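Quick notes on the structure that follows.
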Amino acid sequence: DAGVTQSPTHLIKTRGQQVTLRCSPISGHKSVSWYQQVLGQGPQFIFQYYEKEERGRGNFPDRFSARQFPNYSSELNVNALLLGDSALYLCASSLAGLNIYGYTFGSGTRLTVV
Amino acid sequence: DAKTTQPNSMESNEEEPVHLPCNHSTISGTDYIHWYRQLPSQGPEYVIHGLTSNVNNRMASLAIAEDRKSSTLILHRATLRDAAVYYCILGGSQGNLIFGKGTKLSVKP
């Protein structure tokens, strides 16, 4: 079975631009979460979606937005990119939106803002 | 949200057991204890999780203190492929995982 797939794997953008990152969860998983990992730090929670509804949001500005589609895939959008947005963006899927289940992470999208 | 405390780094010899400690003194009664590990250039990988009782799976064992204020991840025979950053995590109020800086495990041949 395919794991969590993220695209693209690497991306370079210019300050002020907008970016869309994509995630396909494991088949049967209805929950998708997004995390940002800056170099040297642990991942930080951005969003969680379950059954196409936002179930949680971390401490990130409104420039960050996300959505989940009927097939449970998800997109993370970041507007007006800043240099500080450079990070590894991770997507995780789970059977449900509760942390009593294990999460499966993708390998991430490495975003570099120049 | 409750937080965890882990040593920054630990070393182990190959084929020896490794005990990775974690303190979570503010844990609530419903918080599960999760362990994930992350190899360089990869996303975190689920290792194990538990609530009150000790847990075993093919990767590791999780020993949870009776008062639940601490836990220990046990790798029974460390291999070079176990070298990674290990995160001890409690769940957040929004069903999210709250990562700290983790413990960087080095395995010597």
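Observations on the structure shown:
- Solvent-accessible surface of the range B:1-106, averaged per residue with a 1.4 angstrom probe and all protein chains in place: 51 square angstrom.
- Extension reserve of the B:Glu14-B:Thr79 stretch, reckoned as 0.36 nm per residue once the Cα distance is removed: 22.9 nm
- Here the scattering of chain B is modelled by Debye summation over its C-alpha atoms, one equal scatterer each and no solvent; at q = 0.12 Å⁻¹ the log10 of I(q)/I(0) is -0.37.
- Within a straight-line Cα-Cα reach of under 21 Å, A:Lys52 can be paired with the following lysines, leaving aside sequence neighbours fewer than 8 residues apart in one chain: A:Lys30.
- Loop GluC sites (Glu not before Pro), the range A:27-84 (other Cβ atoms within 10 Å of the site Cβ: 14 or fewer; DSSP): A:Glu51
- Based on the reciprocal of the average 1/r between different C-alpha atoms, the Kirkwood radius for the range A:1-57 equals 13.3 Å.
- Residues of the range B:20-51 buried by at least 50 Å² on assembly (accessible area, 1.4 Å probe, chain alone as reference): B:Pro44
- Per the accessible-area calculation with a 1.4 Å probe, the total area buried between chain B and chain A rounds to 1600 Å².
- For the range B:44-96, the average shadow cast by the Cα convex hull is 4.3 nm², which is a quarter of the hull's surface.
- Environment charge at B:Glu16 (Cβ cut-off 15 Å; Lys +1, Arg +1, Asp -1, Glu -1): -1
- Solvent-free Debye scattering, log10 I(q)/I(0), computed from the Cα coordinates of the range B:1-62 at q = 0.19 Å⁻¹: -0.92
- Length, then width, then depth: along the principal axes, the Cα atoms of chain A run 37, 27, 27 Å.
- Nonpolar atom fraction for chain B, defined as the carbon and sulfur part of the 1.4 Å probe accessible area, stands at 46 percent.
- Enclosing the Cα atoms of the range A:66-114 in their convex hull gives a volume equal to 96 cubic angstrom per residue.
- Percent accessible area from carbon and sulfur atoms, chain A, protein chains only, probe 1.4 Å: 50 percent
- Note on the protein assembly as shown: the alpha carbon radius of gyration divided by the globular reference 2.2 N^0.38 Å gives 1.02.
- Of the residues A:Arg57, A:Arg67, B:Arg58, B:Arg81, ranked by 1.4 Å probe accessible area with the largest first, the sequence reads B:Arg58, B:Arg81, A:Arg67, A:Arg57.
- Taking all protein chains into account, the per residue accessible area for chain A stands at 47 Å² (1.4 Å probe).
- Delta accessible area of at least 20 Å² on complex formation, residues of the range B:82-106, 1.4 Å probe, chain isolated as reference: B:Tyr87, B:Gln94, B:Gly95, B:Asn96, B:Leu97, B:Phe99, B:Lys101
The values are calculated or read from the model by the stated rules, or taken from the named source; none is laboratory data. Predicted model, so just to flag it, every value in this text is computed and none were measured. Glycine gets a Cβ as well: all are built from the backbone with ideal geometry, and neighbour counts include every protein chain shown. To get the accessible areas, we keep the full protein, side chains included, count just its heavy atoms, and leave off ligands, DNA and RNA. Shrake-Rupley method; radii C 1.70, N 1.55, O 1.52, S 1.80 Å.
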